[in-house]
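Structure first, commentary second.
The values are calculated or read from the model by the stated rules, or taken from the named source; none is laboratory data. It should be emphasised that the depicted structure is a prediction, and the values quoted were computed from it without experimental measurement. For neighbour counting, all protein chains shown are included, and Cβ atoms are generated from backbone atoms with ideal geometry for every residue, glycine included.
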Amino acid sequence: MKNFMLLLFCGLTLQLSAQTALTATQWQEDLKFLQQTVHNDYPFLFKKTTPEAFNTVVNDLHNKIPGLEEHEIIVGLAKIISSFKYGHTSISNQAMAARFHPLPINFYLFNDGLFVQGVHKDYANTVGAKVISIGNKSAEEAMAAIYPVVPAENDQYFKAYGIRYLASPEILHTQGVIDELSTSVEFTFEKDGKIFKQKITAMEPGSRVPLSYGLVQQEGDWLDARMQGETPLYIKKLDKIYYFEYIPEKKTVYVRQSQIQDDPSEPIPAFYDRVFDFIENNEVERLVIDVRLNGGGNNYKNKAVITRIIENKKINTVGNLYVIIGRRTFSACQNLVNELDNYTNAVFIGEPTSENVNFYGDNNRVVLPNSEIPVYLSFAWWQDKPQWEGAEWAAPHIAIDMSSEDYKLNRDPVLEAALSFSDDEFILDPMQYLTSLYEAGEMEKVQQEAVRMIQDPAYKFFDFESELNRAGYNVLGSGKTQEAIFIFTFVTSLFPESANAWDSLAEGYMKAGEKEKAIEYYNKALSMDPNGPTGRNASHMLERIKSGSH
């Protein structure tokens, strides 16, 4: 009887599954609905892609749907939405989680590679191990394969939020990382100098790895690569949205704020009142605000932070106010970072943010009619900076990231850099510094200092090429062609492998009426980038010169 009931139950389950499975036509209808919704109601999202490119990928998926499995169709939808490259514009993670099998593992991309940050105790041998390969791909190839599925605004967003997609067999299969769909995925790891293989079996759909701000904490059945017993300040008291601590030997108040939301125990204005009361009544010389884990919230709540800082002249000076940013700094916290940059004298330390400086944020929930999968489409444009400052991220003044060993041993090199910073040793605004040397006629020092800073890892997120190139065009626009040529030549000496640098130099010579030089450098740019946008521009300019229309 028991066996009969079991067979009956299985039969009913299969029958229900068959009844609820969508036909290829129904999936195609969902895709068509999505396409029409975007074109009719969200055409403003075509900033980083074009309507034509969007239609091409939609049509491609439409034609492939009859030969695809359900998970491949869902990943295909995710890739289409991700092509807009706004983190708030995405297919529902909950919808994918309800259908996909998550692996009981959490990865983190440190500066020395991809590592297992947290894992279920059944795979204790892998905790803290470096990932060498996943399925048939190296770790680097696997990350490149899943990248198009992630609604990544920039590489930092992928590091923070997209890396979780490596823990989905369905995504790994669709993107060719594993050859056959299976709930067990084979990894190759390296740990303690030994390389070994380990199959990891996924959990049931709807299950979740217990993450707190992207990290597994060691508790119950879950293990953390970090040595226990000591907790760095940035992951201390994670049950609180924010807290502060005094570091007496550095005369520093440290604040960790990990959401732009009121903590249930104390609203943001009251918290910062308490912080600044402490600063005024104690021996405090500097304030460190750590938002590296902060994925956003309600940006209307940023005012209390900004106004308290502006009001405090002791803290709001260069060298006394530090803001730690990182790969999880996103959404409403990007607004906070923008406002801190606009209105305070903050020194930013850490990694770039995962949000564009100006971005599409708040979204509407659009439900596909047949599959009932929610898709989130952004509608609100947030612009705290002029459009010409619309960078892909907010970059730190001082670039510091973390190694796997730092994490394991509870070291925080980012906070250490903030606590040991001296403004006598660092150039906060490299372009202003180089411009002042240029205007003073110290050409040799301009060259020396530019080379020094470009080679210094602390400045690795400052885009020297773009900034210098922009300066050249500003000078060119004012009619000073020879000065512009000097700057563009300088850029080519610093970045000789950049087609864009040679293209700009060619334009400088063209404006100066020196067509032979212009032709020489347009040809050089074209040879370096024959199929790219710079090469196309160079080819167009050469045609115009040849026809005499320039």
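Evaluate the stretch 89-99: report whether one residue or more is within 23 Å of the chain's Cα centre (by Cα), assigned by TED's automatic domain parsing to the domain that holds F44 and within 30 Å of A399 (Cα to Cα). Within the stretch 89-99 (the criterion being within 23 Å of the chain's Cα centre (by Cα), assigned by TED's automatic domain parsing to the domain that holds F44 and within 30 Å of A399 (Cα to Cα)), the answer is yes, since at least one residue qualifies. All conditions in (1) within 24 Å of the chain's Cα centre (by Cα); (2) buried (at least 18 other Cβ atoms within 10 Å of the Cβ); (3) under 30 Å from L22 (Cβ atoms); (4) not acidic (D, E) hold for G135, with the sole exception of (1). Taking each residue of the stretch 528-550 that is assigned by TED's automatic domain parsing to the domain that holds F495 and looking for partners that are surrounded by 17 or more Cβ atoms within 10 Å (Cβ to Cβ) and among the hydrophobic types (A, V, I, L, M, F, W, C) with beta-carbon atoms closer than 6 Å, six or more apart or interchain, yields M528/A499; D529/A499; T534/A499; T534/A525; G535/L526; A538/A525; A538/L526; S539/L526. Scanning the stretch 193-252 for residues that are among the hydrophobic types (A, V, I, L, M, F, W, C), assigned to a loop (DSSP other than H, G, I, E, B) and over 23 Å from E416 (Cα atoms) turns up A202, M203, V209. The set of residues in the stretch 338-395 being free of Cβ contacts under 8 Å to residues at least 12 places away in the same chain and either under 26 Å from I324 (Cβ atoms) or of a type in the set (V, I, T) (or both) consists of V367, P386.
Of the strands (runs of 3 or more DSSP E) entirely within the stretch 344-433, those holding at least 1 residues that are modelled with pLDDT under 95 occupy 347-350. Consider the stretch 477-509 and keep the residues that are within 16 Å of E467 (Cα to Cα) and of a type in the set (F, W, Y). The one that is surrounded by the fewest Cβ atoms within 10 Å (Cβ to Cβ) is F486.
Could you run through the stretch 137-174 and say how many residues are in a loop (DSSP other than H, G, I, E, B) and in contact with a Gly (Cβ under 8 Å, 6 or more places away or on another chain)?
5
Scanning the stretch 213-231 turns up one or more residues that are loosely packed, with under 15 Cβ neighbours inside 10 Å and in contact with a helix residue (DSSP H, G or I) (Cβ under 8 Å, 6 or more places away or on another chain). At least 3 residues being of a type in the set (G, A, S) is the threshold, and among the helices (runs of 4 or more DSSP H) wholly inside the stretch 452-519 those reaching it are 464-477, 499-511.
A search for C-beta distances below 6 Å between a residue of the stretch 75-97 that is within 20 Å of N55 (Cβ to Cβ) and any residue that is charged (D, E, K, R) and surrounded by fewer than 20 Cβ atoms within 10 Å (Cβ to Cβ), counting only pairs 6+ apart in sequence or on different chains, returns K85/K48.
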